[in-house]
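What follows is one structure encoded as C-alpha cells, with my remarks underneath.
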C-alpha cells in the first residue's frame with residue numbers, strides 16, 4: 001500500500017501553448033501505484049487573452065490544492081467551478097424566468113431578484129479585481145456586496161437583508177448545479193426585525209370608517225379585498241391566487257393551499273359574517289367555482305392578476321383621495337386587523353387566524369394599552 005507521502009506526490013502544473021493549449025502535471029495514482037499525467041485542455045476558450053488568464057488562474061488553484069494534499073485521482077475536480085461568472089449569471093436568469101412560469105416565483109420576486117442580480121454585476125465590474133470564474137464567488141464577495149448596500153449606499157437593514165435573501169437563492173442555485181462546493185452565505189446572518197414593531201401605520205377607527213365609506217362608494221370589490229386583508233389576514237399575493245372553490249359558505253371558511261401560501265403550509269381561515277354578506281351583495285358566487293376571486297377589475301374571472309393591482313389602487317386612489325400619509329399602505333389593513341382583533345380575542349385565536357408560526361410573531365402586534373399584569377403574580381411575596 002502506498003504511503004500518504006506517495007499519494008500526495010505531484011509535479012507543478014505547466015502551461016503548454018501552440019496549436020493546442022493545455023495544462024499538465026503528474027500526480028501519484030494509488031490505483032496504479034505510480035505517477036500519472038493529468039491534462040486539462042484549454043482550446044475551448046476562444047480569446048487568447050482570456051485563455052491565458054484562465055490558465056494562470058487555474059494553475060494557481062491547482063498548485064494551492066496540490067500543496068495541501070489534494071489528489072486528482074482521489075477527488076475529481078468539477079469543471080463547472082471554472083465556468084465564467086457571467087455565464088452562470090445568464091443561466092440563473094433563465095432559471096428565474098422558468099420559476100416564474102411554473103408559479104414558483106411571483107412577478108415581484110422576479111423583478112426584485114433581477115434588480116439585485118444587475119446590481120451585483122455592476123458591483124463586480126467596479127471592483128479593482130473583478131471575479132471572472134464562479135468559484136471566486138465566495139463569502140468575502142458576499143460580505144463586501146452587503147456592506148456596499150448597507151453601509152456605503154446607506155440603505156436600511158431591511159434592504160440589506162433582502163439582498164442577503166437573493167444571495168442565498170443564487171448560492172443555492174450554484175450548489176445545486178455543481179458550480180460551487182460550499183455555500184458562500186453560510187455564517188452570514190440577517191440583521192433581522194425580531195422584536196421590532198411594524199413600521200407601517202395602524203389605522204385609527206376614524207380612518208377605517210373613512211376608508212370603508214369611500215370604498216363602498218368608489219370600488220366595492222376593492223372593499224372586499226380590504227375586508228379579506230383586515231379580517232382574514234390573507235396576504236395580497238395569496239389573494240390573487242384564491243379561487244371561489246377555496247371558499248366554503250357552509251363552514252364559513254377560506255382554504256389557503258400550501259401551493260399559494262407564503263409559509264408553504266395549508267391553512268383554514270375563519271370567514272366572518274360581515275365578509276360573507278359583502279360577497280353575497282356583490283353576487284360573487286354567481287360565477288363559476290374555478291374563477292379567481294380577484295381578476296380583472298378585482299372581480300371574479302378566469303385570469304390571475306398580480307398583487308400589484310391592490311397596492312396601485314390603494315396608492316393612486318385611496319391614499320391620494322383621502323390624503324392619507326405614506327405610512328398607511330394597503331398592507332396596513334392586515335396590521336390594523338391583527339392589532340384590533342387582539343383587543344377582543346385571545347392571542348392563540350389571533351395567531352391561528354393570522355397563520356403565524358409562533359405567538360412571538362403575533363405579540364409584535366399587541367398594543368401596549370391592553371398588555372396587562374399577570375394577576376397570579378400581582379400579590380406574590382418572596383422570601384427576600
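Please treat every number below as a calculation from the coordinates, not as lab data. This one's a predicted model, so the numbers in the text were calculated from it and none came from an experiment. A quick note on method: Cβ atoms are made from the backbone with ideal geometry, for glycine too, and the neighbour counts reach across all protein chains shown.
For the chain, what's the relative contact order in percent, using C-alpha pairs closer than 8 Å and at least 6 residues apart?
That works out to 11 percent.
Calculate the tail of P(r) for the chain: the fraction of all Cα-Cα distances greater than 38 Å, expressed in %.
42 percent
When a footprinting reagent is the concern and you count Cβ atoms within 10 Å, what order do 101, 334 take, fewest first?
Details: 101 10, 334 24.
Ordered from fewest to most neighbouring Cβ atoms within 10 Å, 101, 334 come out as 101, 334.
Please give, to one decimal in nm, the separation of the simple spin-label points placed at residue 86 and residue 56, each 7 Å out from Cα toward the Cβ.
Computed distance between label sites residue 86 and residue 56 equals 1.8 nm.
Please build a GNM for the chain, connecting alpha carbons under 10 Å apart, and tell me which residue among 29, 119, 263 fluctuates the most.
Largest GNM mean-square fluctuation: 29.
Taking neighbour Cβ counts within 10 Å as the exposure measure, how do 171, 112, 204 sort from fewest upward?
On the way: 171 21, 112 16, 204 10.
Ordered by Cβ neighbours within 10 Å, fewest first: 204, 112, 171.
What is the ratio of the Cα radius of gyration of region 85-176 to 2.2 N^0.38 Å, with N the residue count, to two decimals?
1.06
Going 7 Å from the Cα of residue 257 along its beta-carbon direction, which residues of region 201-245 have the amide nitrogen within less than 20 Å of the resulting point?
Within reach of a label on residue 257: 234-245.
Please identify, among 173, 28, 255, the residue showing maximal mean-square fluctuation in a Gaussian network model of the chain using a 10 angstrom Cα cutoff.
Answer for the Gaussian network model of the chain: 28.
For the residue pair residue 14 and residue 304, what label-to-label distance in nm results when each label sits 7 Å from Cα along the Cα-to-beta-carbon direction?
Rounded to a tenth, the inter-label distance reads 6.0 nm.
If I take every Cα pair under 8 Å that is 6 or more residues apart in region 85-176, average their sequence separation and divide by the length, what percent do I get for the relative contact order?
With pairs under 8 Å counted, the relative contact order is 30 percent.
Where in region 128-151 is the amide nitrogen less than 14 Å from a point lying 7 Å along the Cα-to-Cβ axis of residue 159?
Counting backbone N atoms under 14 Å from the label point, the list is 146-151.
If you stretched the chain out fully between residue 118 and residue 248, how much longer would it get, using 0.36 nm times the residue separation minus the C-alpha to C-alpha distance?
Result for the pair: 42.3 nm of gain on full extension.
Counting other C-beta atoms within 10 Å, which of 168, 182 has the fewest, and how do the rest follow?
Lowest count first: 182, 168.
Calculate, for residue 70 and residue 147, the FRET efficiency according to 1/(1 + (r/R0)^6) with r their C-beta to C-beta distance and R0 41 Å; round to the nearest 0.05. Walk me through the intermediate numbers first.
Numbers: r = 32 Å, r/R0 = 0.77.
FRET efficiency, residue 70 to residue 147: 0.80.
Given a 10 angstrom Cα cut-off, can you work out which residue in 152, 94, 49 is the most mobile in a GNM of the chain?
49
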